[in-house]
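The values are calculated or read from the model by the stated rules, or taken from the named source; none is laboratory data. Nothing here was measured: the structure is a model prediction, and the numbers come from that model. Cβ atoms come from the backbone with ideal geometry, glycine included; neighbour counts cover every protein chain shown.
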Amino acid sequence: MHRRDLTMPMLAENLALDEALLLEAEAGGPEVLRFWEWPNHAVVLGAGGKVAEEANIETCEAEGVPIVRRSSGGGTVLLGRGCLMYSLVLSYTRDPRLADLHASSRVILDRMVEALRPFADGVRWDGISDLVIGDRKFSGNAQQRKRGHLLHHGTLLYDFDLAAIPKYLAPPPRMPDYRRARPHGDFVMNFPATAESIRRAVAKAWNAHDALGGLPSERVEKLMKEKYGHSAWHRRR
């Protein structure tokens, strides 16, 4: 598997790059593990998320916090310093269970748990696709799927400003049972490890050591023109 540590200069380009890597794999490109981290607060909705229900729009607009939309499902997340993003592009031929949405989440999150367990007791996954310690979440995950490959990506909070989450995000309209309707501050936590140690552990778990040479720049540009570069996509719901 190829590894790429890259944050694109524009927020929307990072969302476009994840989808471009998936499309590139569908066209014969490699499996990829990518890490990136956005330096400022930004709200990212899932493909089906509703802006008015999931973001505190007035606060975001008053403070210049962008609200954007990714192409995968799942809930809304807040990015910023201390929130490491990881993206996996995997072929279904790697493991037949990857062809099924729910089974693939179990396969991927089981490996993530094994990678992160040396840093803290009680690391496990819960809900649909959360990574937790005890009953507190430090990672949310989502997928976009194609005929032969999937994109699985998620957040890994390690030194994040947790107080900013309820400031910019509304309580989610759907909550996993284990959350027990707790507010963000009582539910979310930082994982006790540095970004670099998390990167090393996750890369080792996926045997992702070969540097990815080029980028699918034409695909990124096309996706920006067709989707991610337009407010109509980000505010469509």
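Looking only at the range 190-208, which residues are under 20 Å from ASP130 (Cβ atoms) and surrounded by fewer than 19 Cβ atoms within 10 Å (Cβ to Cβ)? Once the filter is applied, which keeps residues that are under 20 Å from ASP130 (Cβ atoms) and surrounded by fewer than 19 Cβ atoms within 10 Å (Cβ to Cβ), the range 190-208 yields ASN190, PRO192, ALA195, ALA201, ALA205. A single entry from TYR228, TYR158 fulfils the requirement of being closer than 19 Å to ASP135 by Cα, of a type in the set (Phe, Trp, Tyr) and in contact (Cβ under 8 Å) with a residue 12 or more places away in the chain: TYR158. Return the pair list, or none, for Cβ contacts closer than 6 Å from residues in the range 199-219 that are within 13 Å of ARG34 (Cα to Cα) and of a type in the set (Phe, Trp, Tyr) to residues that are modelled with pLDDT of 95 or more and surrounded by 18 or more Cβ atoms within 10 Å (Cβ to Cβ), at least 6 apart or on different chains. Taking only residues 6 or more apart or on different chains, the pairs are TRP206/LEU33.
Tallying residues that are surrounded by fewer than 21 Cβ atoms within 10 Å (Cβ to Cβ) and under 14 Å from LYS167 (Cα atoms) within the range 54-73 yields 10.
Within the range 187-227, the set of residues being out of contact with any strand residue (DSSP E or B) (no Cβ under 8 Å at 6 or more places or on another chain) and among the acidic types (Asp, Glu) comprises GLU196, GLU218, GLU221, GLU226. Restricted to the range 5-27, and to residues that are under 19 Å from VAL65 (Cα atoms) and out of contact with any helix residue (DSSP H, G or I) (no Cβ under 7 Å at 6 or more places or on another chain), which residue is surrounded by the fewest Cβ atoms within 10 Å (Cβ to Cβ)? Checked the range 5-27; the qualifying residue surrounded by the fewest Cβ atoms within 10 Å (Cβ to Cβ) is PRO9. The criterion of at least 1 residues that are of a type in the set (Ser, Thr, Tyr) is met by the following strands (runs of 3 or more DSSP E) wholly inside the range 125-237: 136-145, 149-157.
Suppose we filter TYR158, TYR168 for residues that are aromatic (Phe, Trp, Tyr), under 14 Å from GLY82 (Cα atoms) and surrounded by 16 or more Cβ atoms within 10 Å (Cβ to Cβ); which single one remains? Being aromatic (Phe, Trp, Tyr), under 14 Å from GLY82 (Cα atoms) and surrounded by 16 or more Cβ atoms within 10 Å (Cβ to Cβ) holds for just one of TYR158, TYR168, which is TYR158.
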